[in-house]
1. If you take the residues of the stretch 1-27 that are assigned to a loop (DSSP other than H, G, I, E, B) and open to solvent by 80 Å² or more (accessible area, probe 1.4 Å), which of them is nearest to K73 (Cα to Cα)?
2. Can you tell me which residues in the stretch 5-41 are of a type in the set (D, E) and in contact (Cβ under 8 Å) with a residue 12 or more places away in the chain?
3. Can you run down the residue pairs with Cβ atoms below 7 Å, 6 or more apart or on separate chains, where the first is in the stretch 94-123 and among the hydrophobic types (A, V, I, L, M, F, W, C) and the partner is outside any helix (DSSP H, G or I)?
4. Among the residues of the stretch 28-51, is there at least one that is under 17 Å from S105 (Cβ atoms), modelled with pLDDT under 90 and not in a helix (DSSP H, G or I)?
5. Being open to solvent by less than 40 Å² (accessible area, probe 1.4 Å), farther than 20 Å from R1 by Cβ and under 14 Å from the mean Cα position of the chain (by Cα) is the requirement here; does G64 meet it?
6. Can you tell me which residues in the stretch 74-113 are within 12 Å of the chain's Cα centre (by Cα), assigned to a loop (DSSP other than H, G, I, E, B) and surrounded by 14 or more Cβ atoms within 10 Å (Cβ to Cβ)?
Amino acid sequence: RLFDLDPDLLPLFQYNCKQFASPQECLSAPEFLDHIRKVMLVIDAAVSHMENLSCLEEYLCNLGKKHQAVGVKVESFSTVGESLLYMLEKCLGAAFSPEVQEAWSKLYSAVVKAMQRGWETLPEGD
């Protein structure tokens, strides 16, 4: 769903300087699947620390800096969020109520805001 929503994201996923010819090629690459596992670990950490997301602040801020360094734009995270919600809706079916959608949206938004602070902080000495 991610590349259906924004095909311009495909070039951001380059592993070992390899440019994927198609979304399907990227989606089946072991490196991309590993990246998805890492994304899910971040989501898992956010869920596990939902009551105290501030303990993940430094980690998420640094994660934001890393994404900025490889050319990811903050706006791209809205597409990722939309893809996440789509996946949850497909997996949960009728259990994906408006309340569940709102809860996931709020959690994802909090994660993105923390990561976005990585874009906003300047390196020391600047």
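1. Of the stretch 1-27, the ones assigned to a loop (DSSP other than H, G, I, E, B) are 1, 6, 13-14, 16-17, 19-22.
Narrowing the set further to residues that are open to solvent by 80 Å² or more (accessible area, probe 1.4 Å) leaves 1, 14, 16-17, 19, 21.
Details: R1: 18, Q14: 16, N16: 21, C17: 20, Q19: 19, A21: 22 Å.
Ranking the candidates gives Q14 first.
2. Within the stretch 5-41, the subset of a type in the set (D, E) is 6, 8, 25, 31, 34.
Once the filter is applied, which keeps residues that are of a type in the set (D, E) and in contact (Cβ under 8 Å) with a residue 12 or more places away in the chain, the stretch 5-41 yields D6, E31.
3. Correct list of pairs: W119/V74.
4. no
5. Numbers: open to solvent by less than 40 Å² (accessible area, probe 1.4 Å): yes; farther than 20 Å from R1 by Cβ: yes; under 14 Å from the mean Cα position of the chain (by Cα): yes.
Considered against the rule, which asks whether it is open to solvent by less than 40 Å² (accessible area, probe 1.4 Å), farther than 20 Å from R1 by Cβ and under 14 Å from the mean Cα position of the chain (by Cα), G64 comes out as yes.
6. Hit for the stretch 74-113 is V74, nothing else.
The values are calculated or read from the model by the stated rules, or taken from the named source; none is laboratory data. Everything quoted here is computed from the prediction, not taken from an experiment. Positions of Cβ are generated from backbone atoms using ideal geometry, with glycine treated the same way; all protein chains shown enter the neighbour counts. We work out accessible area using only protein heavy atoms, side chains counted, and drop any ligands, DNA or RNA first. Shrake-Rupley method; radii C 1.70, N 1.55, O 1.52, S 1.80 Å.
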